[in-house]
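Worksheet: the structure to be examined is printed underneath.
The values are calculated or read from the model by the stated rules, or taken from the named source; none is laboratory data. Every value quoted in this text rests on a predicted model; they were computed, and no experiment measured them. Here the Cβ positions follow ideal geometry from the backbone for every residue, glycine too, while neighbour counts run over all protein chains shown.
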């Protein structure tokens with residue numbers, strides 16, 4: 001859309017990729033044409049950035065990753081209440097971003113495997129590089145760019161961790177979260193757990209109760225709730 005193509009956007013394209021021009025607007029949209037100049041990339045980019053995280057972990061953050069400049073407050077709260085004492089063999093970080101949830105879970109449960117899933121290739125690459133930077137066991141991490149958990153087999157996970165987005169572009173709502181919860185219900189083994197964090201006003205507990213038959217309030221503050229639901233045995 002033409003309203004999103006600002007002078008600053010074109011300047012950034014020229015700085016990082018090469019000479020840039022735009023088409024005339026048509027139906028409120030226009031095209032940007034960039035001629036790639038290999039001498040500019042990637043030296044002029046400030047990304048990826050390395051951030052220090054709780055539990056002496058670090059994350060590698062590429063340019064299009066959520067909260068790439070600092071740890072967001074929802075995730076920080078989630079990390080304080082991430083998991084209990086039980087062992088989880090197969091962990092999924094759904095909508096992983098830079099992977100800090102899965103990284104933390106895997107570091108707390110040596111021997112477990114962690115699968116990082118996000119629709120963003122930059123996010124998946126960030127999680128992969130973060131895993132390597134923290135010197136976690138190479139064959140225990142999987143990194144998949146995917147539409148949520150589409151195509152994942154049933155009964156294949158013990159724990160799904162999720163900080164679901166409530167906006168996609170200009171669309172705001174819980175439609176993505178609802179899809180994530182439904183697919184998590186499909187991939188969890190009987191007794192497996194979905195643990196999420198979300199803004200209080202989103203009322204995720206209602207959907208979890210519908211899907212799982214119940215939920216547990218793990219923790220809450222003035223802005224966020226952390227909820228857990230367990231898949232009942234058949």
Pairing a residue in region 203-218 that is on the phi < 0 side of the Ramachandran plot with any residue that is in a loop (DSSP other than H, G, I, E, B) and at pLDDT 95 or above, where Cβ atoms lie under 6 Å and the two sit 6 or more apart in sequence or on different chains, gives 205/215; 208/215; 209/215
Those residues of region 129-140 which are crowded, with 17+ Cβ neighbours inside 10 Å and assigned to a helix (DSSP H, G or I) amount to 129, 130, 131
Only one of (1) surrounded by 14 or more Cβ atoms within 10 Å (Cβ to Cβ); (2) without any contact (Cβ under 8 Å) to a residue 40 or more places away in the chain does not apply to residue 160, and that is (2)
Going through region 33-49 in order, the residues found to be exposed (fewer than 12 other Cβ atoms within 10 Å of the Cβ) and at pLDDT 90 or above are 33, 35, 36
Only one of 217, 227 is touching a strand residue (DSSP E or B) at 6+ places or on another chain (Cβ under 8 Å), part of a strand (DSSP E or B) and exposed (fewer than 13 other Cβ atoms within 10 Å of the Cβ), namely 217
Of those in region 98-128 that are crowded, with 24+ Cβ neighbours inside 10 Å and in contact (Cβ under 8 Å) with a residue 60 or more places away in the chain, the residue farthest from residue 195 (Cα to Cα) is 126
Taking region 14-30 and keeping residues under 30 Å from the mean Cα position of the chain (by Cα) and either closer than 30 Å to residue 75 by Cβ or exposed (fewer than 12 other Cβ atoms within 10 Å of the Cβ) (or both) leaves 16
| message | Residues that are assigned to a loop (DSSP other than H, G, I, E, B), over 14 Å from the mean Cα position of the chain (by Cα), surrounded by 15 or more Cβ atoms within 10 Å (Cβ to Cβ) and in contact (Cβ under 8 Å) with a residue 40 or more places away in the chain: does region 50-69 have at least one? | response | no
Picked from region 155-177 (must be outside any strand (DSSP E or B) and either under 15 Å from the mean Cα position of the chain (by Cα) or outside the structural domain of residue 214 (by TED's automatic domain parsing) (or both)), the residue modelled with the lowest pLDDT is 166
